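Reading through the structure tokens given below for one structure.
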Amino acid sequence: MSHAEFVQLWQGTRIGESMQAVLARWPKNPYQHYTDSVSNDCYEWADAPDPQLNNMPQNIYNFCFKDGVLRTKELM
């Protein structure tokens, strides 16, 4: 996916959406899936590589769900 496609997905993802709806739109294989310190079910996706950043991702998109509902979203 391109950076623009990731940005579009990010902007269209809203707090309060169901985990099922969010995960259906994002790529099937997240960069990372983990449980955070307060037992939220969290997913991260790495943006497209940026040559100006030594091919590191431009952003990491982080979403955490509680009881199947998106509670937080962070851009790192």
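Spelling out what I want: for every residue of the stretch 49-56, take phi, set θ = phi - 60°, compute 6.51 cos²θ - 1.76 cosθ + 1.60 (Karplus), and round to whole Hz; glycine and proline get x.
Those phi angles translate into x, 10, x, 6, 10, 6, 6, 6 Hz.
Would you mind getting me the FRET efficiency between residue 48 and residue 74? Use the beta-carbon distance for r and R0 = 22 Å, nearest 0.05.
Taking R0 as 22 Å, the efficiency between residue 48 and residue 74 is 0.75.
With a Förster radius of 22 Å, plug the Cβ-Cβ distance of residue 28 and residue 56 into 1/(1 + (r/R0)^6) and report the FRET value to the nearest 0.05. Don't skip to the end; give the middle numbers.
Working: r = 22 Å, r/R0 = 1.01.
Here the calculated transfer efficiency is 0.50.
In whole Hz and in residue order, list the ³J(HN,Hα) couplings for the stretch 68-76 that follow from phi through the Karplus curve 6.51 cos²θ - 1.76 cosθ + 1.60, θ = phi - 60°; x for Gly and Pro.
Couplings: x, 10, 5, 9, 9, 9, 10, 10, 10 Hz.
Mind putting together the pair-distance distribution for the chain? All Cα pairs, 10 Å bins, whole percent per bin, short to long.
19, 54, 23, 4
Got a sec to turn the phi values of the stretch 26-38 into Karplus ³J(HN,Hα) couplings, 6.51 cos²θ - 1.76 cosθ + 1.60 with θ = phi - 60°, whole Hz, x for Gly and Pro?
Values per residue, Gly and Pro as x: 7, x, 5, 10, x, 4, 8, 10, 8, 9, 7, 5, 10 Hz.
Given only helices, namely DSSP H runs of n ≥ 4 each adding -39500 (n - 2.57), what is the per-residue ellipticity at 222 nm of the chain, to the nearest 500 deg cm²/dmol?
Working: 2 runs with 17 residues, N = 76.
Helix-only estimate at 222 nm: -6000 deg cm²/dmol.
Would you mind ranking 37, 18 by Cβ crowding within 10 Å, fewest neighbours first? Write out the running numbers ahead of the final one.
Working: 37 5, 18 12.
Neighbour counts put them in this order, fewest first: 37, 18.
Here, each number is a calculation from the coordinates, and none is a lab measurement. These numbers were taken from a predicted model, which means no experiment stands behind them. Because the Cβ atoms are built from the backbone with ideal geometry, glycine has one as well, and the counts that use them run over all protein chains shown.
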